[in-house]
Amino acid sequence: MQIVADTNALLLVAEGDILTRLEQLAGIIELVVPQSVANELSGLAKNGGAPGRAAKLALKLTARSTVAPTTLPGDDGLLEVARRLQGVVFTNDRRIQAEAVKSGLRVIVARGPGRLAWMGAGSGSRAGHERSL
C-alpha cells in the first residue's frame, strides 16, 4: 500500500516511529513523499528550534522513502501524486483531507501522540475507526 505523506504528517517523526505506526494500521506500506513536500521540508529544516529539528528528522525519513515527481507546488502536488498513484493520503490538513475524500482516496490522520485513524471513502475500516498505535 502506498502512503502519500504531507509535510505535517512527516513532522510527526519527532514524536516517534511513524513508519511502525503506519504499518500497524495499514499493513505493509511504501512511504511516498511528493517532491513538493520534500521541498517544503528542506525549507523548514533551515529554521532553528524544534520545527527545524523535526524537519531535519523528516528529511532523513524522506531519504529512505520514494520521492514522487510533481510539477505542482505544495498541497496541489501532494494531491496530484496521491490521485495518480491511487495512494492513501497521510495528513492532518483538513482541506487536503476533504479534497482526498472527494476524490475517493483513503486518508490516515493523527489523533494525538501514538494514535492514527482511518477516514474517508473506502478506508477498509469502519467510519470513524481509530486505533491507538
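Quick note: the coordinates plus some simple rules give every number you see, no bench work behind them. Note that this is a predicted model, so its numbers are computed, not measured. Quick reminder, even Gly has a Cβ in these numbers, built from the backbone with ideal geometry, and neighbours come from all protein chains shown.
From GLY52, GLY27, grab the single residue that is out of contact with any helix residue (DSSP H, G or I) (no Cβ under 9 Å at 6 or more places or on another chain) and surrounded by fewer than 20 Cβ atoms within 10 Å (Cβ to Cβ).
Step by step, each of GLY52, GLY27 is checked, and only GLY27 is out of contact with any helix residue (DSSP H, G or I) (no Cβ under 9 Å at 6 or more places or on another chain) and surrounded by fewer than 20 Cβ atoms within 10 Å (Cβ to Cβ).
Just to confirm my filter: which helices (runs of 4 or more DSSP H) fall fully inside region 3-54 and include at least 3 residues that are of a type outside the set (Lys, Arg) and without any contact (Cβ under 8 Å) to a residue 40 or more places away in the chain? I'd like the intermediate steps shown before the answer.
Values: elements: 7-10, 18-26, 35-45.
Of the helices (runs of 4 or more DSSP H) lying wholly inside region 3-54, those with at least 3 residues that are of a type outside the set (Lys, Arg) and without any contact (Cβ under 8 Å) to a residue 40 or more places away in the chain span 35-45.
Name the strands (runs of 3 or more DSSP E) wholly within region 58-115 that hold at least 3 residues that are touching a residue at least 12 places away in the same chain (Cβ under 8 Å) and out of contact with any helix residue (DSSP H, G or I) (no Cβ under 6 Å at 6 or more places or on another chain)? So that I can check it myself, show each step before the final result.
Details: elements: 66-68, 88-90, 106-110.
Those strands (runs of 3 or more DSSP E) span 106-110.
Residues checked against (1) closer than 21 Å to GLY114 by Cα; (2) touching a Gly at 6+ places or on another chain (Cβ under 8 Å); (3) not charged (D, E, K, R):
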{"residue": "LEU22", "(1), (2), (3)": "yes, no, yes"}
{"residue": "GLY27", "(1), (2), (3)": "yes, no, yes"}
{"residue": "GLN35", "(1), (2), (3)": "no, yes, yes"}
{"residue": "ASN39", "(1), (2), (3)": "no, no, yes"}
{"residue": "GLY52", "(1), (2), (3)": "no, no, yes"}
